[in-house]
Structure formats: structure tokens, C-alpha cells
Amino acid sequence: MSVEQLEANSDCRRVEDISLLSHSKSMDDVYIPQVAENYKPKVGQEFESIDGVHEFYIKYAKEAGFSIRSSSTKRCKGTNEVVRIEFVCFKEGVSSIKDGERKRCRGMTRENCKAKLAVVRSKTGKFVITVFVEEHSHPLSNPQRVHLVRSHRSVSEAKKSLTLQFSAANVPTHQQISILEFEAEGIENIGCTKKDIYNHEAKVQNELRGQDAELLKEYFLTEQEKDPCFFFKIDVDDDGKLKHCFWADSVSRRACGCFGDVVVFDTTYNTNQYGMIFAPLVGVNNHGQTMLFACAFLSDEKMESFVWLFELLKDSMPTNNPKMIITDQDLAMTKAIVQSLPNTFHTYCSWHILEKFSTYLNAITYRDFYKDFQQCIWESECPEEFEKKWVTTIEKAS
């Protein structure tokens, strides 16, 4: 249908500039893209390949303000080569979901749009445009929003590689988008949306699901090649799934040899993604700085798991067993220390003890006598002084 025919049929149709288009439920409204002639397809135009056709129509659709998809393909029975393919507007067809059945408030994805482009393979092997319908039955996107249309959004290989490096450096996705927006000089020039980046990262994680343990082992073996003193141990269950994991590099092992007399062990940091318990073993050097001696992932907090960990700690460290170990008040951990480190003095972490004061004391007593408890614990210079202050504080608080 030409523009002249549309003008003649003025009783039911009109042509509008896309910058002035407004949504109308009337099926008689027709929207013709206003694009430069060099972007517009022409019947008889030839292309070397289907990819060339698709690329050309994509550029036209982006300039026009709509999305495209492949509708039908015809192949040769003998060679299975494509001899005809048809591209249509993304809003071609009629939705099978009625308005009252929609669960989410979203725009119409099917509006019976007739815009399309069809190409046929000629005898020379080139693809020739045989059908081109440019009229749309719906408003077209403006230039400021066309980058949000589905067929014009994609995560390029360069961006996939870049987001992978960002994720390895623990850069959040929203910050990745900000960096990409700054690099492209505008969010409309990125080529994809924040949701596309999220979907790509989720796809990568799904592809790696079930292979994480193998990748971790490969990483440890690589580290061992670079650092012969790197020590690790992986334990699996009867189904071959990762159960426990322990590792310590040469720096940590040397630090433990120098400052491993006192070891602080805590398992309060859980990883939500895998449900495993992160168990770092740390100490303090002669400058008062925290030193990492070893790390482990445990599947549970049973005594057997802690025994497995402490036995590996003894095997991996160059010196004798630690003289003191500080932990929280976990019963399974206490039993494991008695079994694996019988000559190590075991003491409870004062921070964990003080944290429980607010649980066992009512709010008023905790507020009025908290400083007394602090002085009793931190300012007593001998056991006798502590016991005396403790009794006095308990009597006052009671």
C-alpha cells in the first residue's frame, strides 16, 4: 500500500510522523516509519547472505523504531539450504491471552502488525527481496527508547568478557552498568540493559553449576604449580559432592610458623550460595596485625568436621600445635579440640560472651550495669581480682 492510496482513503486511515504518534486501539490506524531512503529496503534488492539481510533489516528497524523476529523459513528438500525466509515485526499476530487473564501489567506483544520483509534465494545464489510491507498497526518507539526494544539489545562478546572480569573483581552489576554507560557516553549506546547483564551472569552461573568443585580443584592445582608449598585437601561425600575443603599457601604457613602460638577460630561467616560454612584460622603478628593461617569450607558444624579440619591444620603447619586456641562456645568444636589438640589451651572468645549479655539480662539491668561488667572483665589483673569484682557486680545487678 502506497502513501497516495492511504491519503485517498482518508475516511479510515491516516499517516503520522513517528515523533507525534500516540497509541490508539483503532485497527484502522497505520504508522509508516520516517527513515532515510538508504535505510529503507526495496523490492529487488540483493544480498550475499541471510546474515546480510538480517543485519540490513535490523538497522532499518532500529531507525524506524520497532523490533523484528524471524517468522518462517523454507528449505530445499535435497540440500536443506534456506531458499526463502521471512522477517516480521515483533508485534505480528494476535495474542491468545485475553485482557482479563493477564497476570502482569505489561504492554501488548501482539497487535496483528502486517509489516514484514521476505527474501528468496535466486539462481545466482543471492537473496532477493520479494516482499516488503512497511506499514505498522501500532505506534513506533522514539529514538530515546529504541535501544530498549528486544531485537536491538544484545550483550556483545566484548561486554561478556568485560563483565566476567568485573565479576571476578567483585564489582556489583549496577556498578558495571555505570562503567559501561560512562564508556559508551550514554546508557542508550551500551547496546543492552541492566536486566540483560543480570540474565547473562545468571546464564554463566547456571552453566558452571555442578562444576564449581572441579574448577576449585583446578585452581588449587594451578596455585600449587606456582607455589610448591601451597597445601590443600578436598573431601567429597559418597555421591562425589564437595564435603570439606582446606587450603593454606606458603605465606600463611610461614606466618603460622612464626605467630601460630595463638589461633583464633570462628565459623560465623556462612556463604548463602552453596550453604557451606567458611572457617578461617587467624592470628596476630608482632605488630598487632591480623594474619591468615589457613581457610576451610565445611558442610556442617559436627565434631567430625572440626576434627578433620584440626588434623589438617597440624599436618600443614611446620611447627608444633598451637599453645592456645580461641573459639566461640560451640560444643562440637570443644569436643573436637579435646580430641585433636589435647595439649592446646582452649578458651572462649570474650566478644561472643559479651554479646550474650543482652540475651540473658533484661534491658534495664544491661543498661545500668554494662560498664561494671566491662570493668570486671577487662580491668582485672588476676583471677582473684576478677572473681571478687564478678561477685560484687552480680550482687549489685541482682
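The values are calculated or read from the model by the stated rules, or taken from the named source; none is laboratory data. Being a predicted model, the structure only gives us computed values, none of them experimental. Glycine also receives a Cβ, built like all others from the backbone with ideal geometry; neighbour counts cover every protein chain displayed. The area values use the complete protein model at the heavy-atom level, side chains included, leaving out ligands, DNA and RNA. Shrake-Rupley method; radii C 1.70, N 1.55, O 1.52, S 1.80 Å.
Here are a few things to note about the model shown:
- Yes/no for ALA279 being at pLDDT 90 or above and within 16 Å of PHE246 (Cβ to Cβ): no
- Checking PHE132 against (1) touching a residue at least 60 places away in the same chain (Cβ under 8 Å); (2) not in a strand (DSSP E or B), the condition it does not meet: (2)
- For the stretch 165-178, the candidate set comprises residues that are surrounded by fewer than 13 Cβ atoms within 10 Å (Cβ to Cβ) and over 15 Å from CYS192 (Cα atoms); within that set, the residue that is modelled with the lowest pLDDT is ALA168.
- Restricting attention to the stretch 28-83, the residues that are touching a residue at least 24 places away in the same chain (Cβ under 8 Å), farther than 19 Å from CYS113 by Cβ and among the polar types (S, T, N, Q) total 2.
- For the stretch 60-80, a residue qualifies if it is surrounded by 12 or more Cβ atoms within 10 Å (Cβ to Cβ) and part of a loop (DSSP other than H, G, I, E, B), and the qualifying residues are GLY65, PHE66, SER67.
- Unique match (being surrounded by fewer than 14 Cβ atoms within 10 Å (Cβ to Cβ), under 25 Å from SER151 (Cβ atoms), modelled with pLDDT of 80 or more and not aliphatic (A, V, I, L, M)) among ASN206, ASN199: ASN199
- Here VAL251 passes the criteria (1) farther than 21 Å from THR347 by Cα; (2) among the aliphatic types (A, V, I, L, M); (3) buried (at least 19 other Cβ atoms within 10 Å of the Cβ) except the one numbered (3).
- Any hit, the stretch 228-243, residues being out of contact with any Leu (no Cβ under 8 Å at 6 or more places or on another chain), farther than 30 Å from ILE177 by Cα, open to solvent by 90 Å² or more (accessible area, probe 1.4 Å) and at pLDDT 85 or above: yes
- Selection count where residues are closer than 26 Å to PRO41 by Cβ and either open to solvent by less than 90 Å² (accessible area, probe 1.4 Å) or at pLDDT below 60 (or both), scope the stretch 82-106: 12
- Pair list, Cβ < 7 Å and 6+ apart or interchain, from the stretch 357-386 residues that are open to solvent by less than 50 Å² (accessible area, probe 1.4 Å) to residues that are charged (D, E, K, R): PHE369/LYS396; ASP372/LYS396; CYS376/LYS389; SER380/LYS389
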